[in-house]
Amino acid sequence: MAGGDGQDCVFCAIVRRRAPAYIIYEDEDAMAFLDIYPFTRGHALVVPKQHGARLTDLPFESQVALLRALDRVCRRSERLADDYNVALNAGANAGQIVFHVHFHVIPRYGEANPFHPNRRNRLGETDARELVGLLSAP
């Protein structure tokens, strides 16, 4: 696998169903799930099933598949809000914390900059289940 085997990677564990997640999208090559500490309601992460720390660690075909999944998740995000941010952090100095390439899809509701809140609250079970219902339908 590109960028290592992902044995200690939490996102690989989610993809392999060895760690819990609120999955809102899945296909052969990619998966999307709710961020457990969201910046805003409905904040989702879109990941390739193949492990790679950076987008450039993936073969081109895997990058295309990831962008296809990102498009689908963005369209689903529009069910929550007309506006959203898409972010990719590549490397520690860019703010990457989990070193498995992933895109953030962050619905925006007119709040001030959501990227630097004083505290990010953990996603609650009730809200997570409601969001999964809203965002997982094709």
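All of the numbers you see were taken from the coordinates with simple rules; none came from a lab. Just so it is clear, the model here is predicted, and its values are computed rather than measured. Counting neighbours? That spans all protein chains shown, and the Cβs are built from the backbone with ideal geometry, glycine included.
For Lys49, nonlocal amide neighbours, meaning residues 5 or more places apart or on other chains whose placed amide H falls under 5 Å from its own, are Ala30, Met31. Length gained on full extension, Ala87 to Asp27: 19.5 nm, using 0.36 nm per residue less the C-alpha separation. Give the distance, in whole Å, between the Cα centre of region 21-69 and the Cα centre of region 90-104. Region 21-69 and region 90-104 have Cα centres spaced 12 Å from each other.
Helix 125-136 and the longest principal axis of the C-alpha atoms of the chain enclose an angle of approximately 70°. Remark on the chain: Cys74 stand apart, with no other cysteine beta carbon under 4.7 Å. Scanning residues 5 or more positions from Tyr84 or on other chains, those with amide H under 5 Å from its amide H are Arg108, with H placed 1.01 Å from N in the peptide plane. One chain, two ends: Tyr109 and Leu55. Fully extended at 0.36 nm per residue, the span grows by 16.6 nm beyond their Cα-Cα distance. Shown in residue order for region 57-68 are the 3J(HN,Hα) couplings computed by the Karplus curve 6.51 cos²θ - 1.76 cosθ + 1.60 at θ = phi - 60°: 7, 8, x, 3, 4, 6, 5, 4, 4, 5, 5, 5 Hz (x for Gly and Pro). Computed from backbone phi with θ = phi - 60° and the Karplus coefficients 6.51, -1.76 and 1.60, the 3J(HN,Hα) list for region 96-109 is 6, 10, 9, 8, 9, 3, 7, 9, 9, 10, 10, x, 10, 10 Hz; x is used for glycine and proline.
With a cut-off of 16 Å on the backbone N, the residues of region 78-107 near the modelled label site 7 Å out from Ala19 along Cα-Cβ are 96-104. Computed from the C-alpha gyration tensor, the three semi-axes of the ellipsoid equivalent to region 3-110 are 21, 14, 14 Å, from longest to shortest.
Comparing Ile97, Ile24, Ile14 in a Gaussian network model of the chain, where Cα atoms under 10 Å apart are tied by springs, the biggest mean-square fluctuation is seen for Ile97.
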